[in-house]
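None of the figures in this text is laboratory data; all of them are computed from the coordinates on show. No experiment lies behind these values; they were computed from the predicted model shown. With ideal geometry, Cβ positions are generated from the backbone for all residues, glycine too; neighbour counts draw on all protein chains shown.
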Amino acid sequence: MKTPDTVIAGGLVVNEGGSVRADIAIQDGKIAGIAAPGGFAGAGEVIDATGLAVMPGVIDVHVHFREPGMTHKEDWTTGSHAAALGGVTTVFEMPNTDPPVDTPAHFEIKRAAAAAQSVVDFGIYGLLGEHNLDQIEALAEAGVCGYKLFLGNTTGNLPCPSDGAVLEGFEILARLGLRCSIHAENSPILFWREKRLKAAGRSDPLAHLAARTDIVAIEALTRAALLAEWTGARIHIVHESCAGSLPYIRFFKERGADMTVETLPQYLYLSAEEMLEPGGERLRMNPPIRQKAQQEPLWAGLLDGTIDMVATDHAPHAVEEKSAPAIWDVACGFPGVQTSLPLMLDAVAKGRMGLTDVVRVMSAAPARAFGLYGRKGVVAVGAEADLVLVDPGRAHTIRTADLASRGKYTPYDGWTVTGSPVRTIVRGRTVALDGKVVAPPGWGRLVRPEMPPPAPRNTATTLDALKAPGARPW
């Protein structure tokens, strides 16, 4: 091995399968060697990691950086800075911007903005909509990391496709092999209930949860999973909030559906009961934060693997958009990419999980689900040197003023958590150090998944197959 560019010395190297005290050699942006302490000499830079845990960088597969079209809420500079400060080395950004990522040309607008500004690596989702089924393959060729299907409305108000369009879209995706992330809420039910609740005079914070009660999430999840099982499409359920979904997730996974699931710190730590307190309307998000009784089942599902990973749904808005007399006028969502790792490290400090669990749910599982594992999500020779150095015993207080995001609101303001990221490294370069971003704009680069071979099912019944004259649907 050549003389390494950098050696990270004396840290506790943590992977999902265990931990070991070791030195890490980095050469040309990749991990070139792992050895017992003192095993490398002559490096250009030596980083003393004594007392620190050295973990794979966090991969957040669910962020909204709002550019193009809504940069008063966020842009790629502020969003990627927040990620770097939070120990996140790769983000997957959602397509509900203006314009949405529904064509290769719109993909290129976003890719160029990200490439010019981001200090962390990034993937860009394409939209799966009823109007752009003819663009799905072209988006894959352009370089999307996967697709996003909005079965429920959210920021951008992209219309929910019909079930027929979803099935046809899944038939296409099954052939391509890329994963589709799904906002699993039933739009017709939630719109109906919201309209009826408004007519009844409900505008209080809990009316939002009343419109999107548990069945709204459970029905959409089971419908998406059934269509995925039938077609062989790979799906990812985003922001799982509902304990009632867990038996159905297990059921479809046991049947062989290629389905992964994320939950968010919001659903693990916050409760609908808090919306009754002054300022509680600011907790409005989609799907809604549910009652406290749902937290423990979600924690259990995360630890037993029913829920695969933790993401953030980082969804910033201007401060004035986060408060209004009627809950229906409050913007949905808030920042999360800078605070997610500290919140999960605090769970380690409290004995709820281990550092290896944090690596599994925040790095390894996202990497496996989206075709990055081996390159990212693991501290191993040959992997890209995407690392976060964590001080497990360092307490700090989360403060709104410290957020890099433009969306200057966090429900965790004033929370003291134990466990702090102190250095974030992307492909061998330190991008954040002791609370400051130190990388130039544009260090981040586009990542493309390397998925297993596609495994489509029931191919004789696809619309594409049945368009041939005389084709039989069996």
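Name the residue farthest towards the positive end of the dipole of the chain from the options Gly305, Thr416, Pro342, assuming +1 on Cβ of Lys and Arg, -1 on Cβ of Asp and Glu, about the Cα centre.
Going by the Cα projections, it comes out as Gly305.
Using 0.36 nm per residue, how much length does the chain from Thr3 to Ala380 gain when fully extended, once their Cα-Cα distance is taken away?
Full extension from Thr3 to Ala380 adds 133.9 nm.
Indicate the helices, whole DSSP H runs only, in the chain that combine a mean Kyte-Doolittle hydropathy of 0.5 or more with a Cα extent along their long axis of 30 angstrom or more.
Helix filter hits for the chain: none.
Pick out, from Gln117, Ala272, Trp76, the residue whose Cα sits farthest towards the positive end of the charge dipole of the chain, with +1 on the Cβ of Lys and Arg and -1 on the Cβ of Asp and Glu.
Ala272
Cut-off is 10 Å between beta-carbons; in what order do Val120, Val319 appear when sorted fewest neighbours first?
Val319, Val120
Once each part is reduced to its C-alpha centroid, what is the distance from segment 411-474 to segment 139-206 in angstrom?
Using only Cα atoms, the two centres lie 19 Å from each other.
Where in segment 332-375 is the amide nitrogen less than 18 Å from a point lying 7 Å along the Cα-to-Cβ axis of Val319?
Counting only backbone N, you get 332-336.
Distance between the C-alpha centers of segment 292-326 and segment 226-290? Whole Å please.
After rounding, the separation between the Cα centres reads 8 Å.
If each residue of separation counts as 0.36 nm, what is the full-extension length gain between Leu466 and Asp48 once their alpha-carbon separation is subtracted?
Gain on extension, Leu466 to Asp48, equals 144.2 nm.
What are the residues whose amide H is under 5 Å from the amide H of Ser323, where those residues sit 5 or more places off or on another chain and H is modelled from the backbone?
Ala331
Round to the nearest 0.05 the FRET efficiency obtained for Ala401 and Met451 when R0 = 35 Å and r is the Cβ-Cβ distance.
In this case the efficiency is close to 0.25.
When Arg111, Arg406 are ordered from fewest to most other Cβ atoms inside 10 Å of their Cβ, what list results?
Ranking Arg111, Arg406 by Cβ neighbours within 10 Å, fewest first, gives Arg111, Arg406.
Using the Cα centre as the reference, give the magnitude of the dipole from point charges on the C-beta atoms of segment 172-220 (Lys, Arg: +1; Asp, Glu: -1; all else neutral), rounded to the nearest 20 debye.
The dipole magnitude comes to about 160 debye.
Using the alpha carbon gyration tensor of the chain, what are the three equivalent-ellipsoid semi-axes (square root of 5 times each eigenvalue), largest first, in whole Å?
Taking √(5λ) for each Cα gyration eigenvalue gives 35, 27, 20 Å.
Be a star and scan segment 252-281 for residues whose amide nitrogen sits under 12 Å from the point 7 Å along the Cα-to-Cβ vector of Asp204.
Only 275-277 pass the distance filter.
Along the charge dipole of the chain, pointing to its positive end and built from +1/-1 on Cβ of Lys, Arg, Asp and Glu, which listed residue (Pro473, Ala142, Ile189) has its Cα farthest out?
The Cα lying farthest towards the positive end belongs to Pro473.
Past the 27 Å Cα-Cα mark, which pairs from Lys73/Lys253; Lys30/Lys148; Lys253/Lys376; Lys292/Lys350; Lys292/Lys436; Lys292/Lys408?
From Lys73/Lys253; Lys30/Lys148; Lys253/Lys376; Lys292/Lys350; Lys292/Lys436; Lys292/Lys408, over 27 Å: Lys73/Lys253; Lys30/Lys148; Lys292/Lys436.
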